[in-house]
């Protein structure tokens, strides 16, 4: 009986020592080492890829944000502020209806099939609105020129970038709303277009937040 108790005690003590060692190694030393390496080698990415303007953080390179007018009384959804370049639709983005203590957002894809009527109707409505909003006198938008990313949300619903084609489609509307020459706004898009990774991977993209910061600077400098 005493030997059985002693064996049990030894096993419990061995398990406790393993727990303490693993807690220190995996719960303290490893996180500190990884955090230290990240802060030393990739501080920008480790701190959330923050974008600053005039010394203040205005967003992240990795998370998209909308540019809407203030919500009016009785409106179900805010209208886009057409002075700014607009991001991809965020149909997969909604408010958290469970934990209402914090202003949280729920992101994700719509999970609707390509032939789902709801998705088809959403795309048609988005395309019609885009053509209407971006057509300016003398330069109507051809529906055939609307790129796919202009009317569909990304898998996360938080895509921070759009295609150069979608950015160029918005140029005349942005130029007109801000009383800017079209050529200057076109140059903004070109300067904010990022090429393929290593010249071969992915597609060229335009970060909407960085583009709108450049636009605001251009407007303020005039």
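Kindly evaluate residue 134 against the criterion of being buried (at least 16 other Cβ atoms within 10 Å of the Cβ), closer than 30 Å to residue 49 by Cβ and free of Cβ contacts under 8 Å to residues at least 40 places away in the same chain.
Numbers: buried (at least 16 other Cβ atoms within 10 Å of the Cβ): yes; closer than 30 Å to residue 49 by Cβ: yes; free of Cβ contacts under 8 Å to residues at least 40 places away in the same chain: yes.
Yes; evaluated as a whole, the condition is true for this residue.
For region 92-99, indicate whether the set of residues that are modelled with pLDDT of 80 or more, over 23 Å from residue 176 (Cα atoms), in a loop (DSSP other than H, G, I, E, B) and not assigned by TED's automatic domain parsing to the domain that holds residue 168 is non-empty.
No.
Return yes when residue 195 is more than 20 Å from residue 90 (Cβ to Cβ) and either free of Cβ contacts under 8 Å to residues at least 24 places away in the same chain or touching a strand residue (DSSP E or B) at 6+ places or on another chain (Cβ under 9 Å) (or both) and no when it is not. Considered against the rule, which asks whether it is more than 20 Å from residue 90 (Cβ to Cβ) and either free of Cβ contacts under 8 Å to residues at least 24 places away in the same chain or touching a strand residue (DSSP E or B) at 6+ places or on another chain (Cβ under 9 Å) (or both), residue 195 comes out as yes. The set of residues from region 32-57 being within 26 Å of residue 156 (Cα to Cα) and touching a helix residue (DSSP H, G or I) at 6+ places or on another chain (Cβ under 7 Å) comprises 38, 46, 51, 53. Pull up region 198-217, narrow it to residues that are touching a residue at least 40 places away in the same chain (Cβ under 8 Å) and assigned to a helix (DSSP H, G or I), then point me to the one that is farthest from residue 164 (Cα to Cα). Among those that are touching a residue at least 40 places away in the same chain (Cβ under 8 Å) and assigned to a helix (DSSP H, G or I), it is 216. For region 165-181, the tally of residues that are surrounded by fewer than 19 Cβ atoms within 10 Å (Cβ to Cβ) and either within 16 Å of residue 217 (Cα to Cα) or in contact with a strand residue (DSSP E or B) (Cβ under 6 Å, 6 or more places away or on another chain) (or both) stands at 6.
The values are calculated or read from the model by the stated rules, or taken from the named source; none is laboratory data. Quick caveat, the model's predicted, so the values are computed rather than measured. Heads up, the Cβs are rebuilt from the backbone with ideal geometry, glycines too, and the neighbour counts pull from every protein chain shown.
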